[in-house]
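Chemist: Let me give you the structure first, and then I'll get to my questions.
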Amino acid sequence: MHRKPIVTRKKQYINTTHKNLTKQHKQHKQHKDNTTNTTNTTNTYIISECYNAKYNYLPTLQLRKHLKTYNLKEYTKIQELDSKQIKLTNLSKNCLKQELLTKTAQFPKFIRNQHFNFIWLNPITNVTDRRFNGIQANLINTINRNHIHNIKDKGQLYLHMHTYCPDIANKHLARTFYINERNQYKFTKEAIIEKSHSTSYPHYILRPVNSFAGRDIFYISTEQELNKAIAFYNSHRNYKGVVYAKNVIASEYIINPILFKGYKFHLRMYYLISYIGNIFNSFFLETGDILTAEQPYTTAKPFTKAVHDTHQTSSSDDYFFPQDLIKDNPDIDINKLLIQMRTIMGCISNIIDKHDKHDKHDKHDKHDKHDKHQTSQWLYPEHKNGFLIMGIDFMIDSKDNTVILLETNSSPGFGYNKPANDIIFSKIMFDWINKVVLEPYYTNKPDLARQHATYIDNV
(Lines give C-alpha, C1' and ligand atoms only; values in the text may rest on other atoms or scores of the structure.)
Protein backbone atom coordinates (compact mmCIF):
# COMPACT_ATOMS: atom_id res chain seq x y z
CA MET A 1 0.00 0.00 0.00
CA HIS A 2 1.65 3.13 -1.23
CA ARG A 3 2.32 5.84 1.27
CA LYS A 4 1.71 9.23 -0.32
CA PRO A 5 2.91 12.38 1.46
CA ILE A 6 0.40 15.07 2.36
CA VAL A 7 0.84 18.74 3.09
CA THR A 8 -1.09 19.22 6.32
CA ARG A 9 1.04 18.94 9.43
CA LYS A 10 0.06 17.84 12.89
CA LYS A 11 1.73 15.64 15.50
CA GLN A 12 5.21 15.62 17.03
CA TYR A 13 7.17 12.40 16.64
CA ILE A 14 8.18 10.38 19.68
CA ASN A 15 11.44 8.69 18.82
CA THR A 16 11.84 4.96 19.34
CA THR A 17 15.34 3.61 19.79
CA HIS A 18 15.81 0.39 17.95
CA LYS A 19 18.54 -2.03 18.83
CA ASN A 20 21.47 -0.30 17.08
CA LEU A 21 20.46 2.34 15.50
CA THR A 22 19.13 7.08 -20.62
CA LYS A 23 19.42 4.02 -22.25
CA GLN A 24 18.64 0.35 -21.88
CA HIS A 25 21.37 -1.26 -19.84
CA LYS A 26 23.72 -3.94 -21.12
CA GLN A 27 24.64 -7.09 -19.23
CA HIS A 28 26.39 -6.44 -15.94
CA LYS A 29 29.83 -7.93 -15.48
CA GLN A 30 30.84 -9.07 -12.01
CA HIS A 31 33.52 -7.00 -10.30
CA LYS A 32 36.31 -8.72 -8.43
CA ASP A 33 36.61 -6.04 -5.80
CA ASN A 34 33.75 -3.65 -5.20
CA THR A 35 34.82 -2.32 -1.84
CA THR A 36 37.61 0.01 -2.92
CA ASN A 37 37.65 3.06 -5.14
CA THR A 38 39.03 2.74 -8.65
CA THR A 39 41.72 5.08 -9.92
CA ASN A 40 39.36 6.94 -12.24
CA THR A 41 36.72 7.54 -9.57
CA THR A 42 36.25 11.03 -8.23
CA ASN A 43 35.83 11.46 -4.50
CA THR A 44 32.42 13.02 -5.03
CA TYR A 45 28.79 12.17 -4.43
CA ILE A 46 25.47 13.15 -5.98
CA ILE A 47 22.20 13.65 -4.13
CA SER A 48 19.16 13.90 -6.39
CA GLU A 49 16.14 15.17 -4.51
CA CYS A 50 13.48 17.84 -4.49
CA TYR A 51 15.21 21.20 -4.27
CA ASN A 52 12.26 22.81 -2.51
CA ALA A 53 12.68 21.88 1.15
CA LYS A 54 8.95 22.32 1.80
CA TYR A 55 8.20 19.31 -0.39
CA ASN A 56 11.27 17.23 0.40
CA TYR A 57 9.78 14.54 2.64
CA LEU A 58 13.05 12.72 3.26
CA PRO A 59 15.56 15.50 4.06
CA THR A 60 19.14 14.45 3.37
CA LEU A 61 21.00 16.64 5.87
CA GLN A 62 21.91 13.60 7.98
CA LEU A 63 23.09 11.70 4.90
CA ARG A 64 25.38 14.58 3.97
CA LYS A 65 26.85 14.57 7.47
CA HIS A 66 27.69 10.89 7.21
CA LEU A 67 29.22 11.24 3.75
CA LYS A 68 31.39 14.08 5.00
CA THR A 69 32.91 11.77 7.63
CA TYR A 70 34.16 9.60 4.76
CA ASN A 71 35.78 12.63 3.08
CA LEU A 72 33.34 12.73 0.19
CA LYS A 73 32.46 16.03 -1.46
CA GLU A 74 29.15 16.90 -3.09
CA TYR A 75 29.03 17.33 -6.86
CA THR A 76 26.66 20.24 -7.49
CA LYS A 77 26.69 20.63 -11.29
CA ILE A 78 23.49 18.63 -11.72
CA GLN A 79 21.62 20.77 -9.22
CA GLU A 80 22.87 23.89 -10.96
CA LEU A 81 21.61 22.64 -14.33
CA ASP A 82 18.26 21.59 -12.90
CA SER A 83 17.79 24.87 -11.07
CA LYS A 84 18.23 26.83 -14.28
CA GLN A 85 15.49 24.85 -16.01
CA ILE A 86 13.17 25.05 -13.03
CA LYS A 87 13.64 28.81 -12.70
CA LEU A 88 12.88 29.37 -16.38
CA THR A 89 9.66 27.38 -16.24
CA ASN A 90 8.60 28.46 -12.74
CA LEU A 91 7.95 24.93 -11.48
CA SER A 92 10.02 25.01 -8.31
CA LYS A 93 7.00 24.87 -5.99
CA ASN A 94 5.96 21.39 -7.00
CA CYS A 95 8.42 18.51 -6.77
CA LEU A 96 6.40 16.26 -9.04
CA LYS A 97 6.54 18.86 -11.80
CA GLN A 98 10.22 19.33 -11.09
CA GLU A 99 10.82 15.61 -11.53
CA LEU A 100 8.96 15.59 -14.84
CA LEU A 101 11.00 18.52 -16.04
CA THR A 102 14.39 17.17 -15.09
CA LYS A 103 13.63 13.82 -16.71
CA THR A 104 13.06 15.39 -20.12
CA ALA A 105 16.71 16.34 -20.56
CA GLN A 106 19.87 14.29 -20.87
CA PHE A 107 22.95 15.17 -18.87
CA PRO A 108 25.75 16.81 -20.86
CA LYS A 109 28.70 14.62 -21.78
CA PHE A 110 31.00 16.05 -19.11
CA ILE A 111 28.60 14.70 -16.47
CA ARG A 112 27.90 11.39 -18.18
CA ASN A 113 31.63 10.68 -18.31
CA GLN A 114 32.08 11.11 -14.56
CA HIS A 115 32.64 8.15 -12.23
CA PHE A 116 31.11 9.04 -8.86
CA ASN A 117 31.88 7.51 -5.53
CA PHE A 118 28.28 7.59 -4.27
CA ILE A 119 24.90 8.45 -5.78
CA TRP A 120 21.67 8.93 -3.84
CA LEU A 121 18.55 9.02 -5.99
CA ASN A 122 15.05 9.97 -4.91
CA PRO A 123 13.72 6.64 -3.52
CA ILE A 124 10.41 7.03 -5.35
CA THR A 125 11.86 7.89 -8.77
CA ASN A 126 15.20 6.08 -8.74
CA VAL A 127 13.99 3.69 -11.45
CA THR A 128 12.19 6.15 -13.68
CA ASP A 129 14.80 8.93 -13.70
CA ARG A 130 16.50 7.87 -16.93
CA ARG A 131 19.02 10.72 -16.80
CA PHE A 132 21.14 8.64 -14.44
CA ASN A 133 21.21 5.55 -16.64
CA GLY A 134 24.84 4.96 -17.61
CA ILE A 135 26.30 7.20 -14.90
CA GLN A 136 29.06 5.23 -13.18
CA ALA A 137 29.04 4.86 -9.40
CA ASN A 138 30.90 2.83 -6.82
CA LEU A 139 27.79 2.80 -4.59
CA ILE A 140 24.18 3.75 -5.36
CA ASN A 141 20.77 3.29 -3.76
CA THR A 142 19.33 1.08 -6.48
CA ILE A 143 19.71 -2.47 -7.74
CA ASN A 144 18.65 -4.41 -10.82
CA ARG A 145 14.88 -4.57 -10.45
CA ASN A 146 14.83 -8.12 -11.83
CA HIS A 147 16.32 -9.27 -8.57
CA ILE A 148 13.20 -8.20 -6.72
CA HIS A 149 10.64 -8.95 -9.42
CA ASN A 150 9.56 -12.04 -7.51
CA ILE A 151 8.56 -10.02 -4.46
CA LYS A 152 7.45 -6.63 -5.83
CA ASP A 153 4.80 -8.27 -8.04
CA LYS A 154 1.90 -9.18 -5.73
CA GLY A 155 1.10 -12.40 -7.55
CA GLN A 156 4.73 -13.49 -7.77
CA LEU A 157 5.23 -12.73 -4.08
CA TYR A 158 2.43 -15.10 -3.12
CA LEU A 159 3.69 -17.81 -5.49
CA HIS A 160 7.30 -17.70 -4.40
CA MET A 161 6.62 -17.52 -0.68
CA HIS A 162 4.60 -20.70 -1.03
CA THR A 163 7.43 -22.23 -3.05
CA TYR A 164 10.34 -21.35 -0.78
CA CYS A 165 8.77 -21.20 2.68
CA PRO A 166 5.27 -22.74 2.56
CA ASP A 167 4.81 -22.91 6.33
CA ILE A 168 5.47 -19.18 6.64
CA ALA A 169 3.25 -18.42 3.66
CA ASN A 170 0.34 -20.47 4.99
CA LYS A 171 0.46 -18.60 8.28
CA HIS A 172 1.31 -15.07 7.21
CA LEU A 173 -0.36 -14.62 3.82
CA ALA A 174 -4.06 -14.34 3.13
CA ARG A 175 -5.23 -16.99 0.67
CA THR A 176 -4.65 -15.41 -2.74
CA PHE A 177 -5.32 -16.28 -6.36
CA TYR A 178 -5.90 -14.53 -9.69
CA ILE A 179 -9.26 -12.89 -10.30
CA ASN A 180 -10.28 -15.28 -13.10
CA GLU A 181 -9.86 -18.43 -10.96
CA ARG A 182 -13.58 -18.67 -10.24
CA ASN A 183 -13.36 -22.05 -8.54
CA GLN A 184 -11.34 -20.44 -5.73
CA TYR A 185 -14.16 -18.21 -4.48
CA LYS A 186 -16.48 -19.43 -1.74
CA PHE A 187 -19.52 -17.22 -2.06
CA THR A 188 -22.63 -17.41 0.11
CA LYS A 189 -26.05 -16.86 -1.44
CA GLU A 190 -26.50 -13.15 -2.07
CA ALA A 191 -30.02 -13.09 -0.64
CA ILE A 192 -28.65 -14.11 2.74
CA ILE A 193 -25.86 -11.58 3.00
CA GLU A 194 -27.20 -8.58 1.11
CA LYS A 195 -27.88 -6.60 4.28
CA SER A 196 -25.90 -8.68 6.71
CA HIS A 197 -23.15 -7.37 8.98
CA SER A 198 -21.93 -10.89 9.67
CA THR A 199 -18.24 -11.69 9.37
CA SER A 200 -18.77 -15.45 9.08
CA TYR A 201 -18.92 -15.49 5.27
CA PRO A 202 -15.86 -14.84 3.08
CA HIS A 203 -15.03 -11.41 1.71
CA TYR A 204 -12.38 -10.76 -0.91
CA ILE A 205 -10.21 -7.80 -1.77
CA LEU A 206 -9.33 -7.40 -5.45
CA ARG A 207 -6.03 -5.66 -6.14
CA PRO A 208 -4.43 -4.92 -9.52
CA VAL A 209 -0.88 -6.22 -9.70
CA ASN A 210 0.43 -3.08 -11.39
CA SER A 211 -1.11 -0.42 -9.21
CA PHE A 212 -0.46 1.46 -5.98
CA ALA A 213 -1.94 3.91 -3.47
CA GLY A 214 -5.18 1.90 -3.26
CA ARG A 215 -6.13 2.62 -6.86
CA ASP A 216 -8.89 0.52 -8.41
CA ILE A 217 -9.31 -1.83 -5.44
CA PHE A 218 -12.63 -3.61 -4.92
CA TYR A 219 -14.15 -5.40 -1.95
CA ILE A 220 -16.54 -8.21 -2.87
CA SER A 221 -18.54 -10.95 -1.19
CA THR A 222 -20.88 -12.06 -3.99
CA GLU A 223 -20.57 -13.38 -7.52
CA GLN A 224 -22.53 -10.39 -8.77
CA GLU A 225 -19.94 -8.03 -7.28
CA LEU A 226 -17.17 -10.13 -8.83
CA ASN A 227 -18.74 -9.85 -12.28
CA LYS A 228 -18.97 -6.06 -11.95
CA ALA A 229 -15.32 -5.90 -10.92
CA ILE A 230 -14.21 -8.10 -13.83
CA ALA A 231 -16.10 -5.83 -16.24
CA PHE A 232 -14.31 -2.83 -14.74
CA TYR A 233 -10.85 -4.40 -15.02
CA ASN A 234 -11.51 -5.43 -18.62
CA SER A 235 -12.25 -1.83 -19.59
CA HIS A 236 -9.85 0.23 -17.47
CA ARG A 237 -6.10 0.81 -17.64
CA ASN A 238 -3.36 1.04 -15.04
CA TYR A 239 -0.97 3.96 -14.67
CA LYS A 240 1.15 2.52 -17.49
CA GLY A 241 -1.77 2.64 -19.89
CA VAL A 242 -2.26 -1.14 -19.97
CA VAL A 243 -5.69 -2.71 -19.49
CA TYR A 244 -5.85 -4.54 -16.16
CA ALA A 245 -7.72 -7.56 -17.59
CA LYS A 246 -6.74 -10.69 -15.62
CA ASN A 247 -3.65 -9.18 -13.99
CA VAL A 248 -5.55 -8.73 -10.74
CA ILE A 249 -5.29 -10.81 -7.59
CA ALA A 250 -8.06 -11.75 -5.17
CA SER A 251 -7.25 -12.30 -1.50
CA GLU A 252 -9.43 -13.41 1.36
CA TYR A 253 -10.13 -10.29 3.35
CA ILE A 254 -8.91 -10.00 6.94
CA ILE A 255 -12.33 -9.24 8.34
CA ASN A 256 -11.35 -9.04 12.04
CA PRO A 257 -8.10 -7.06 12.21
CA ILE A 258 -6.70 -5.51 15.33
CA LEU A 259 -7.91 -1.90 15.38
CA PHE A 260 -6.15 1.32 16.32
CA LYS A 261 -8.43 3.81 18.09
CA GLY A 262 -11.34 1.99 16.44
CA TYR A 263 -9.91 2.31 12.92
CA LYS A 264 -8.53 -0.27 10.57
CA PHE A 265 -4.79 0.23 10.02
CA HIS A 266 -1.70 -1.26 8.49
CA LEU A 267 1.91 -0.97 9.53
CA ARG A 268 4.49 0.50 7.16
CA MET A 269 7.89 -0.93 8.00
CA TYR A 270 11.21 -0.65 6.16
CA TYR A 271 13.48 -3.28 4.65
CA LEU A 272 16.92 -2.69 3.16
CA ILE A 273 18.74 -5.01 0.79
CA SER A 274 22.34 -4.53 -0.30
CA TYR A 275 24.74 -6.12 -2.75
CA ILE A 276 28.22 -4.95 -1.85
CA GLY A 277 31.45 -6.72 -2.67
CA ASN A 278 29.38 -9.42 -4.40
CA ILE A 279 27.66 -10.22 -1.07
CA PHE A 280 23.91 -9.98 -0.44
CA ASN A 281 22.69 -8.69 2.93
CA SER A 282 19.26 -7.69 4.16
CA PHE A 283 18.04 -5.67 7.14
CA PHE A 284 14.71 -4.89 8.80
CA LEU A 285 14.05 -1.66 10.70
CA GLU A 286 11.91 -2.38 13.75
CA THR A 287 10.31 1.05 13.92
CA GLY A 288 7.59 2.13 11.52
CA ASP A 289 4.31 3.92 10.98
CA ILE A 290 0.65 3.23 11.71
CA LEU A 291 -1.50 4.24 8.74
CA THR A 292 -5.24 4.28 9.34
CA ALA A 293 -8.47 4.45 7.38
CA GLU A 294 -10.46 7.67 7.25
CA GLN A 295 -13.52 6.40 9.15
CA PRO A 296 -14.01 3.97 12.08
CA TYR A 297 -14.10 0.30 11.21
CA THR A 298 -17.34 -1.54 10.53
CA THR A 299 -18.28 -4.61 8.51
CA ALA A 300 -21.57 -3.08 7.39
CA LYS A 301 -22.20 -3.36 3.68
CA PRO A 302 -21.43 -1.87 1.32
CA PHE A 303 -17.71 -1.76 2.05
CA THR A 304 -16.35 1.73 1.44
CA LYS A 305 -12.82 2.97 0.90
CA ALA A 306 -13.22 5.44 3.75
CA VAL A 307 -13.59 2.51 6.17
CA HIS A 308 -11.35 -0.11 4.59
CA ASP A 309 -8.52 1.69 2.74
CA THR A 310 -5.54 2.63 4.89
CA HIS A 311 -3.04 5.27 3.76
CA GLN A 312 -1.02 8.20 5.02
CA THR A 313 -3.50 10.56 3.39
CA SER A 314 -6.44 9.03 5.25
CA SER A 315 -4.69 9.06 8.63
CA SER A 316 -5.84 11.92 10.83
CA ASP A 317 -2.49 12.19 12.59
CA ASP A 318 1.04 10.81 12.70
CA TYR A 319 1.15 7.51 14.58
CA PHE A 320 4.19 5.35 15.16
CA PHE A 321 5.01 1.73 15.73
CA PRO A 322 5.55 0.38 18.28
CA GLN A 323 4.95 3.09 20.87
CA ASP A 324 1.53 4.33 19.75
CA LEU A 325 0.23 0.81 19.17
CA ILE A 326 1.23 -0.10 22.73
CA LYS A 327 -0.66 2.92 24.08
CA ASP A 328 -3.85 1.87 22.31
CA ASN A 329 -3.40 -1.89 22.82
CA PRO A 330 -1.48 -2.20 26.13
CA ASP A 331 -1.81 -5.99 26.24
CA ILE A 332 -0.27 -6.58 22.83
CA ASP A 333 3.05 -8.44 22.73
CA ILE A 334 5.29 -6.30 20.52
CA ASN A 335 8.18 -8.76 20.64
CA LYS A 336 5.89 -11.48 19.31
CA LEU A 337 4.88 -9.23 16.42
CA LEU A 338 8.49 -8.37 15.60
CA ILE A 339 9.55 -12.01 15.66
CA GLN A 340 6.82 -12.78 13.14
CA MET A 341 7.85 -9.86 10.94
CA ARG A 342 11.50 -10.91 10.96
CA THR A 343 10.49 -14.46 10.07
CA ILE A 344 8.50 -13.20 7.09
CA MET A 345 11.37 -10.99 5.97
CA GLY A 346 13.76 -13.93 6.24
CA CYS A 347 11.58 -15.72 3.71
CA ILE A 348 11.60 -12.70 1.41
CA SER A 349 15.38 -12.45 1.65
CA ASN A 350 15.60 -16.09 0.70
CA ILE A 351 13.44 -15.51 -2.39
CA ILE A 352 15.58 -12.57 -3.52
CA ASP A 353 18.84 -14.40 -2.91
CA LYS A 354 17.96 -17.83 -4.26
CA HIS A 355 15.11 -17.77 -6.76
CA ASP A 356 16.78 -16.41 -9.85
CA LYS A 357 19.65 -18.85 -9.46
CA HIS A 358 17.13 -21.51 -10.45
CA ASP A 359 14.97 -19.63 -12.93
CA LYS A 360 16.49 -17.11 -15.33
CA HIS A 361 13.59 -17.01 -17.73
CA ASP A 362 10.87 -15.13 -15.85
CA LYS A 363 8.83 -12.71 -17.91
CA HIS A 364 9.26 -9.22 -16.53
CA ASP A 365 7.52 -5.93 -16.93
CA LYS A 366 8.12 -4.92 -20.53
CA HIS A 367 7.36 -1.31 -19.65
CA ASP A 368 10.34 -1.01 -17.33
CA LYS A 369 13.52 -0.67 -19.35
CA HIS A 370 15.54 -1.76 -16.34
CA ASP A 371 13.64 -5.05 -16.27
CA LYS A 372 15.14 -6.43 -19.49
CA HIS A 373 18.13 -8.15 -17.90
CA GLN A 374 18.72 -11.70 -16.96
CA THR A 375 17.71 -12.13 -13.37
CA SER A 376 21.18 -13.35 -12.38
CA GLN A 377 22.55 -9.80 -12.53
CA TRP A 378 22.31 -8.00 -9.21
CA LEU A 379 23.47 -4.61 -10.47
CA TYR A 380 23.32 -2.50 -13.59
CA PRO A 381 26.61 -2.50 -15.53
CA GLU A 382 27.67 1.00 -14.48
CA HIS A 383 27.27 0.27 -10.75
CA LYS A 384 29.78 -1.59 -8.60
CA ASN A 385 27.68 -1.83 -5.43
CA GLY A 386 24.08 -1.06 -4.61
CA PHE A 387 21.38 -1.06 -1.96
CA LEU A 388 17.65 -0.46 -1.93
CA ILE A 389 15.11 0.64 0.68
CA MET A 390 11.71 -1.01 0.43
CA GLY A 391 8.44 -0.39 2.24
CA ILE A 392 6.78 -3.46 3.77
CA ASP A 393 3.10 -3.39 4.71
CA PHE A 394 1.62 -5.61 7.43
CA MET A 395 -1.75 -6.09 9.09
CA ILE A 396 -2.45 -7.88 12.36
CA ASP A 397 -5.27 -10.41 12.50
CA SER A 398 -7.03 -10.35 15.86
CA LYS A 399 -6.97 -14.15 15.80
CA ASP A 400 -3.84 -14.94 17.84
CA ASN A 401 -2.33 -11.56 16.84
CA THR A 402 -1.01 -13.09 13.63
CA VAL A 403 1.00 -10.75 11.41
CA ILE A 404 -0.22 -10.79 7.80
CA LEU A 405 2.03 -9.59 4.99
CA LEU A 406 0.14 -7.36 2.56
CA GLU A 407 2.77 -6.34 0.03
CA THR A 408 6.23 -4.98 -0.60
CA ASN A 409 6.91 -1.62 -2.21
CA SER A 410 10.18 -1.02 -4.06
CA SER A 411 9.54 2.74 -4.35
CA PRO A 412 8.15 3.70 -0.94
CA GLY A 413 6.82 7.15 -0.24
CA PHE A 414 7.84 9.20 2.77
CA GLY A 415 6.35 12.15 4.55
CA TYR A 416 4.53 13.06 7.75
CA ASN A 417 1.84 15.48 8.79
CA LYS A 418 4.32 17.64 10.66
CA PRO A 419 7.67 18.86 9.24
CA ALA A 420 9.52 17.99 12.46
CA ASN A 421 8.64 14.34 11.92
CA ASP A 422 10.18 14.37 8.44
CA ILE A 423 13.44 15.56 9.93
CA ILE A 424 13.46 13.12 12.84
CA PHE A 425 12.52 10.17 10.67
CA SER A 426 15.17 11.04 8.09
CA LYS A 427 17.78 10.98 10.85
CA ILE A 428 16.63 7.51 11.91
CA MET A 429 16.68 6.32 8.30
CA PHE A 430 20.10 7.70 7.37
CA ASP A 431 21.70 6.66 10.66
CA TRP A 432 20.47 3.15 9.87
CA ILE A 433 21.82 3.31 6.31
CA ASN A 434 25.12 4.54 7.68
CA LYS A 435 25.43 1.62 10.09
CA VAL A 436 24.50 -1.16 7.67
CA VAL A 437 25.83 0.24 4.36
CA LEU A 438 28.09 3.30 4.47
CA GLU A 439 30.29 2.53 7.46
CA PRO A 440 30.97 -1.12 6.50
CA TYR A 441 31.75 -0.04 2.93
CA TYR A 442 33.83 3.09 3.45
CA THR A 443 35.83 1.73 6.39
CA ASN A 444 36.42 -1.52 4.49
CA LYS A 445 34.89 -3.50 7.36
CA PRO A 446 32.10 -5.46 5.63
CA ASP A 447 31.54 -7.70 8.67
CA LEU A 448 30.04 -4.72 10.52
CA ALA A 449 26.88 -5.04 8.44
CA ARG A 450 25.99 -8.53 9.61
CA GLN A 451 26.77 -7.62 13.19
CA HIS A 452 23.99 -5.05 13.24
CA ALA A 453 20.84 -5.93 15.19
CA THR A 454 18.62 -5.33 12.16
CA TYR A 455 20.41 -7.92 9.99
CA ILE A 456 18.09 -10.63 8.65
CA ASP A 457 19.12 -14.25 8.18
CA ASN A 458 17.55 -16.12 5.28
CA VAL A 459 15.12 -18.87 6.31
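Chemist: For the structure I just gave you, tell me whether PRO419 is of a type outside the set (A, V, I, L, M, F, W, C), more than 19 Å from the chain's Cα centre (by Cα) and at pLDDT 95 or above.
Modeler: Values: of a type outside the set (A, V, I, L, M, F, W, C): yes; more than 19 Å from the chain's Cα centre (by Cα): yes; at pLDDT 95 or above: no.
Considered against the rule, which asks whether it is of a type outside the set (A, V, I, L, M, F, W, C), more than 19 Å from the chain's Cα centre (by Cα) and at pLDDT 95 or above, PRO419 comes out as no.
Chemist: Suppose we filter ALA191, ALA231, ALA169 for residues that are in a helix (DSSP H, G or I), modelled with pLDDT of 85 or more, out of contact with any helix residue (DSSP H, G or I) (no Cβ under 9 Å at 6 or more places or on another chain) and of a type outside the set (Lys, Arg); which single one remains?
Modeler: ALA231
Chemist: Okay, next question. If LEU325 meets every condition in (1) outside the structural domain of ASN444 (by TED's automatic domain parsing); (2) closer than 19 Å to MET341 by Cα apart from one, which number is that one?
Modeler: (1)
Conditions tested, residue by residue: (1) of a type outside the set (Asp, Glu); (2) part of a helix (DSSP H, G or I); (3) at pLDDT 85 or above.
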{"residue": "LYS97", "(1), (2), (3)": "yes, yes, no"}
{"residue": "THR125", "(1), (2), (3)": "yes, no, no"}
{"residue": "THR142", "(1), (2), (3)": "yes, no, yes"}
{"residue": "HIS160", "(1), (2), (3)": "yes, yes, yes"}
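Chemist: Would you mind finding the one in GLY288, GLY262 that is at pLDDT 95 or above and at positive phi? Give the derivation first.
Modeler: On the way: GLY288 fails: at positive phi.
Going through GLY288, GLY262 in turn, just one is at pLDDT 95 or above and at positive phi: GLY262.
Chemist: Based on what the data block shows, is PHE425 assigned to a helix (DSSP H, G or I), surrounded by 22 or more Cβ atoms within 10 Å (Cβ to Cβ) and among the aromatic types (Phe, Trp, Tyr)?
Modeler: The answer is yes for PHE425.
This table checks each residue for (1) modelled with pLDDT of 90 or more; (2) touching a Leu at 6+ places or on another chain (Cβ under 9 Å); (3) in a loop (DSSP other than H, G, I, E, B); (4) farther than 18 Å from PRO257 by Cβ.
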{"site": "GLU294", "(1), (2), (3), (4)": "yes, no, yes, no"}
{"site": "THR299", "(1), (2), (3), (4)": "no, no, yes, no"}
{"site": "ASP331", "(1), (2), (3), (4)": "yes, no, yes, no"}
{"site": "ASP356", "(1), (2), (3), (4)": "no, no, no, yes"}
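Chemist: I'd like the residue in region 388-410 that is of a type in the set (S, T, N, Q) and surrounded by 19 or more Cβ atoms within 10 Å (Cβ to Cβ) and, out of all such residues, is farthest from the chain's Cα centre (by Cα).
Modeler: Across region 388-410, the extreme among qualifying residues is THR408.
Chemist: Going through region 384-418 one residue at a time, which ones are in contact with a helix residue (DSSP H, G or I) (Cβ under 8 Å, 6 or more places away or on another chain) and either of a type outside the set (A, V, I, L, M, F, W, C) or part of a helix (DSSP H, G or I) (or both)? Outline the logic, then answer.
Modeler: Filtering region 384-418 down to residues in contact with a helix residue (DSSP H, G or I) (Cβ under 8 Å, 6 or more places away or on another chain) leaves 385, 387-390, 392, 394, 396, 401-405, 407-410, 414-416.
Hits for region 384-418 are ASN385, ASN401, THR402, GLU407, THR408, ASN409, SER410, GLY415, TYR416.
Chemist: Which condition breaks for PRO322 when tested against (1) surrounded by fewer than 22 Cβ atoms within 10 Å (Cβ to Cβ); (2) under 30 Å from TYR441 (Cα atoms); (3) not acidic (Asp, Glu)?
Modeler: The one condition PRO322 does not meet is (2).
Chemist: Please work out if LYS445 is at pLDDT below 90 and either surrounded by fewer than 15 Cβ atoms within 10 Å (Cβ to Cβ) or not aromatic (Phe, Trp, Tyr) (or both).
Modeler: Answer is no for this residue.
The values are calculated or read from the model by the stated rules, or taken from the named source; none is laboratory data. Bear in mind that the values here come from a model prediction, so they are computed numbers and not experimental data. Glycine gets a Cβ as well: all are built from the backbone with ideal geometry, and neighbour counts include every protein chain shown.
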